[in-house]
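Visitor: Once you've had a glance at the structure underneath, I'll fire off some questions.
None of the figures in this text is laboratory data; all of them are computed from the coordinates on show. As the structure is a prediction and not an experimental result, all values here were calculated from the model. We place every Cβ from the backbone using ideal geometry, glycine too, and count neighbours over all the protein chains shown.
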Amino acid sequence: MDNTTNNIQLILETINKFYSDAWLSLVTVLATIIAASVTIVGIILPLLISYLQRRQQSAEFKTLLAEIDKKYESEIINLKNENQTIKNETEEKLKAIIEAIVSEKFSEFNDSMENEKKRQFGAMAHLQAMMNLFRNRLFDSGLDYILATELFYKGKSEYSLASSADSLVSLSKMIDKENFNSEKGLKFQKNLYSLIELLKNHEPKGLVNKLGDDLESAYFFLKNLKQ
């Protein structure tokens, strides 16, 4: 009887130990699973989410860049075209300005050469007038002085102009008034009045006008000869 009781008690203790060990193992497994789950949820899952978000953001960024490129590509092309147009227009304007400057300078050079030519011919006429005066060819000298004065006026040489005009004023005291009705005398009068009119109407008013007045006064006696 005692042995039977002991055996039953031993069996019960064995069963109880088995279940206790099994429960402990189950608890341990469950704790491990829970810990692993916490690790997955707390560490791995956020990393996974972050990775997926970065992938999504990268894709969205690429899409955004593509949209920007597409949106502004035509504007960039238009801007380049506008810049090229502006560049072409600027080059054309610069070319026109350069051509205008060259043309102006060339025109000024031509004018300067023409004026110089007139001054040289004026000097030759003045010299010839002095030679005719030396030979006592007074009307020939006067006609040459008139020509020289006109050329100096057109050549814009006031100093030489004044010199020739003064010579004409001096000549008025030498010419025999009785000879003014001769062929050369009448030609001299015609050319002289034309010169006086030219000088008196010069603008702006100044030395040139005074020279015209001086000549008119010097040969005022011609009006009396016509009466």
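Visitor: Does any residue in segment 195-208 that is in contact (Cβ under 8 Å) with a residue 40 or more places away in the chain come within less than 7 Å, Cβ to Cβ, of a residue that is small (Gly, Ala, Ser) six or more places away or on a different chain, and which pairs are these?
Guide: The qualifying pairs are LEU199/GLY212; LEU207/ALA162.
Visitor: So for segment 134-142 (the condition being closer than 21 Å to TYR219 by Cα and surrounded by fewer than 17 Cβ atoms within 10 Å (Cβ to Cβ)), does at least one residue qualify?
Guide: Taking segment 134-142 and keeping what is closer than 21 Å to TYR219 by Cα, we get 136-142.
Subsequent filtering for residues that are surrounded by fewer than 17 Cβ atoms within 10 Å (Cβ to Cβ) retains 136-137.
Among the residues of segment 134-142, at least one is closer than 21 Å to TYR219 by Cα and surrounded by fewer than 17 Cβ atoms within 10 Å (Cβ to Cβ), which makes the answer yes.
Visitor: In segment 171-193, which residue that is in a helix (DSSP H, G or I) and surrounded by fewer than 12 Cβ atoms within 10 Å (Cβ to Cβ) is farthest from the chain's Cα centre (by Cα)? Break it down stepwise before answering.
Guide: Here is the first cut: in segment 171-193, the ones in a helix (DSSP H, G or I) are 171, 177-181, 183-193.
Now narrow it down to the ones that are surrounded by fewer than 12 Cβ atoms within 10 Å (Cβ to Cβ): 178, 181, 183, 190.
Details: GLU178: 68, ASN181: 65, GLU183: 62, LYS190: 53 Å.
Per the criteria, the residue is GLU178.
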